[in-house]
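Data block below; observations after.
The values are calculated or read from the model by the stated rules, or taken from the named source; none is laboratory data. The structure presented is a predicted model; accordingly, all values stated were derived computationally and were not measured. With ideal geometry, Cβ positions are generated from the backbone for all residues, glycine too; neighbour counts draw on all protein chains shown.
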Amino acid sequence: MEIQPTDSTLENMSNDVAPKRLKLRSKPSRTADKVFFAVAKAAGYSSFVLVAAILFFLMLRAWPAFESQGVVNFIFGAGWNSTTDPQIFHLGPMLYGSLLIAAIGVALAVPMAISISYFISFIAPERLAKVATVVVDLLAAIPSIVIGLWGLGVFSPVAAEWGRMLSEALGFIPIFSNAVDIFLRSPFIASLVIAVMIVPIIASITREIFSQMDQEIIKGAMALGGTRESIFRKVILPTASGGIVGGVLLALGRAMGETVAIFFVLNLTFDDFNWFKILEPSGGAVASLVLARFNEALDTELSALLAAGVVLFVVTLIVNTIASYIVAKAQPWRKL
Amino acid sequence: MSNLNHLETKDINVWFGERHVLRDVSLQFQNNHVTALIGPSGCGKSTFIRTLNRMHELIPSAGLSGQVLLNGEDIYAQAVDPVNVRINIGMVFQKPNPFPTMTIRENILSGLKLSGRKIEDGDGLVETSLQRASMWNEVKDRLSEPALSLSGGQQQRLCIARSLAMDPNVLLMDEPCSALDPGSTRRIEETILELKENMTIVIVTHNMQQAQRVADSTAFFLSENGNPGEVVEFDTTENVFMRPKDDRTNEYVNGRFG
């Protein structure tokens with residue numbers, strides 16, 4: 001049967017009446033589809049609900065501490081003492097210590113992790129690359145208590161020696177000076193332990209990114225007279241940077257929140273900020289503070305520790321947001 | 001006479017692991033000529049063109065015997081740095097592969113940066129290179145836009161311009177139009193004919209008409225029954241297509257297999 005355009009349909013087309021638009025996105029119709037759709041939707045929304053709920057209930061318990069100490073003092077002030085009257089719960093040195101250790105740890109870990117990934121992806125013979133991949137992933141799975149014990153029992157004495165050597169050679173630079181001549185339990189050692197923990201995380205993700213790189217682009221760079229070094233620096237690294245930073249963010253989260261490993265290898269100093277003397281035995285870490293104080297904490301201090309959790313939560317969120325923003329800004333081509 | 005064949009190969013054999021893929025390929029590429037390499041898929045023509053700028057380096061199992069002479073010097077000689085070979089012998093690939101993180105301008109200058117050479121007159125070089133690839137007028141106002149904002153055909157011409165910025169003596173093209181529409185293909189063919197005034201061009205193509213339109217000489221590659229690929233016939237394009245000496249060439253160029 002053929003459908004001829006009648007006068008009226010022709011008229012309709014020439015008129016300004018917009019044709020009825022169909023929505024092309026169909027709703028799930030089969031049962032399996034419906035169930036799957038519902039489960040996925042619920043899971044998706046539950047992540048929002050969970051984050052909000054955690055923050056809300058933490059906030060509820062933490063509020064008394066914020067109220068008694070004042071929000072600004074709680075976050076930026078120094079001193080933590082439950083035996084004085086009034087009690088002092090100021091998080092400043094711990095919070096700064098967390099950021100410092102995470103920053104140094106990431107700075108040490110990133111070049112190392114990228115080198116490992118480059119070796120696995122572009123240099124190592126196939127078999128070695130496979131083994132190395134498994135080893136790196138295994139390293140990422142080591143529980144932090146094990147790393148902490150290793151840090152305490154095995155690594156700290158060695159790293160303290162490194163610290164002493166650094167201080168003797170470069171002590172004229174303020175960050176390497178050490179007035180107390182004790183090199184154990186310093187932010188330097190904590191940063192190294194953190195670096196050991198996050199190298200495999202960053203390496204694992206970076207290797208994945210490298211392995212998915214378009215070989216044609218690398219060949220193109222080679223055909224233009226690129227050397228291994230220049231191809232890596234000018235083509236591979238910029239192309240992979242978005243993914244690498246994703247790995248670094250994940251690692252940063254672990255570094256900021258690391259508790260027990262840092263607790264074992266760092267001397268927590270509540271009263272003073274150790275701004276930059278990374279070889280001296282004095283530092284801070286929010287999560288380790290919670291671990292250190294939680295056992296003996298009574299009501300008010302408990303509230304302060306929960307408040308510390310809230311602050312860590314929010315600071316981690318801010319750090320991640322800033323980092324994501326920088327990544328997006330630095331890669332205009334990704335908007336295409 | 002020595003200037004006439006400044007690129008030639010002598011008895012090139014290539015192996016990938018145990019597999020012998022090319023046997024005794026000896027070809028001469030004349031200055032200011034376009035030479036087309038044709039043949040059915042798997043005949044080794046792409047493998048061959050990559051021996052001309054040492055691109056097999058990335059494949060650990062690849063082995064080679066024979067010589068590739070550029071101005072009389074073997075590019076596989078011990079003392080030769082493959083990077084210098086590739087500076088002299090440019091290459092354009094099947095799929096356009098501009099650097100995604102770079103702008104149009106940065107793509108043009110990327111070869112100089114990658115090979116560690118000084119950029120003296122960047123603007124001038126960008127302009128002449130894009131002009132030689134006949135796309136200057138299209139992109140002159142958008143040099144700082146990402147290379148990926150260009151269409152596929154433009155991206156391929158950008159890749160040609162990028163190679164030209166290195167001022168190579170030889171340009172290798174491995175099926176440069178196979179991913180492009182007819183309009184873009186025609187423009188690239190026109191560019192090839194302009195470029196050959198100043199350089200030697202070797203092009204792999206699956207397209208018989210393209211070979212006839214652009215090439216002065218044509219080499220027909222064939223790999224029969226799992227044997228290594230060989231050159232069956234190498235002659236002027238006219239002879240290969242109009243008066244082939246070998247029956248297999250005749251059958252292939254007339255579309256009876258392939």
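Residues that are touching a Lys or Arg at 6+ places or on another chain (Cβ under 9 Å), facing another protein chain (nearest Cβ under 7 Å) and farther than 24 Å from B:Glu197 by Cβ: which helices (runs of 4 or more DSSP H) entirely in segment B:87-152 hold 2 or more of them? Correct list: B:104-114.
Take B:Leu69 and decide whether it is more than 12 Å from every other protein chain (Cβ to nearest Cβ), closer than 25 Å to B:His20 by Cα and surrounded by 14 or more Cβ atoms within 10 Å (Cβ to Cβ).
Yes: the conditions hold for B:Leu69.
So that you can scan it fast, the table gives a plain yes or no per residue for (1) over 23 Å from A:Trp80 (Cα atoms); (2) among the basic types (Lys, Arg); (3) in a helix (DSSP H, G or I); (4) over 22 Å from the mean Cα position of the chain (by Cα):
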site: A:Phe270; (1), (2), (3), (4): no, no, no, yes
site: A:Arg293; (1), (2), (3), (4): no, yes, yes, yes
site: A:Ser303; (1), (2), (3), (4): no, no, yes, yes
site: A:Val310; (1), (2), (3), (4): no, no, yes, no
site: A:Val314; (1), (2), (3), (4): no, no, yes, no
site: A:Leu317; (1), (2), (3), (4): yes, no, yes, no
site: A:Thr321; (1), (2), (3), (4): yes, no, yes, no
site: A:Ala328; (1), (2), (3), (4): yes, no, yes, no
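Scanning segment A:223-249 for residues that are within 7 Å of chain B (Cβ to nearest Cβ) and closer than 25 Å to B:Ile49 by Cα returns A:Ala223, A:Leu224, A:Gly225, A:Gly226, A:Thr227, A:Ser230, A:Ile231, A:Val235.
For segment B:136-184, a residue qualifies if it is in contact with a Cys (Cβ under 9 Å, 6 or more places away or on another chain) and closer than 16 Å to B:Val34 by Cα, and exactly one does: B:Pro176.
Looking at A:Ile202, is it crowded, with 18+ Cβ neighbours inside 10 Å, within 13 Å of another protein chain (Cβ to nearest Cβ), within 25 Å of the chain's Cα centre (by Cα) and modelled with pLDDT of 90 or more? No; evaluated as a whole, the condition is false for this residue.
Scanning segment B:30-84 for residues that are hydrophobic (A, V, I, L, M, F, W, C) and more than 30 Å from A:Ala129 (Cβ to Cβ) turns up B:Val34, B:Ala36, B:Leu37, B:Ile38, B:Cys43, B:Val68, B:Leu69, B:Leu70, B:Ala77, B:Ala79. Might you let me know whether segment A:155-164 holds any residue that is within 14 Å of another protein chain (Cβ to nearest Cβ), of a type outside the set (Val, Ile, Thr) and on the phi < 0 side of the Ramachandran plot? No, because not a single residue in segment A:155-164 is within 14 Å of another protein chain (Cβ to nearest Cβ), of a type outside the set (Val, Ile, Thr) and on the phi < 0 side of the Ramachandran plot. Taking segment B:160-172 only, how many residues are within 13 Å of B:Ile49 (Cα to Cα) and away from chain A (no Cβ under 11 Å)? The number of residues fulfilling the criteria is 1. Any residue at all in segment B:50-63 that's within 17 Å of B:Val231 (Cβ to Cβ), within 14 Å of another protein chain (Cβ to nearest Cβ) and in contact (Cβ under 8 Å) with a residue 60 or more places away in the chain? Yes, segment B:50-63 contains a residue that is within 17 Å of B:Val231 (Cβ to Cβ), within 14 Å of another protein chain (Cβ to nearest Cβ) and in contact (Cβ under 8 Å) with a residue 60 or more places away in the chain. Evaluated against (1) closer than 17 Å to A:Gly225 by Cβ; (2) touching a residue at least 12 places away in the same chain (Cβ under 8 Å); (3) of a type in the set (Val, Ile, Thr), B:Thr103 falls short on exactly one condition, (1).
Which condition breaks for B:Phe48 when tested against (1) buried (at least 23 other Cβ atoms within 10 Å of the Cβ); (2) in a strand (DSSP E or B)? Of everything listed in (1) buried (at least 23 other Cβ atoms within 10 Å of the Cβ); (2) in a strand (DSSP E or B), B:Phe48 misses just condition (2). Restricting A:Phe122, A:Phe66 to those that are more than 24 Å from the chain's Cα centre (by Cα), within 30 Å of A:Ala203 (Cα to Cα) and crowded, with 17+ Cβ neighbours inside 10 Å reduces the list to A:Phe122.
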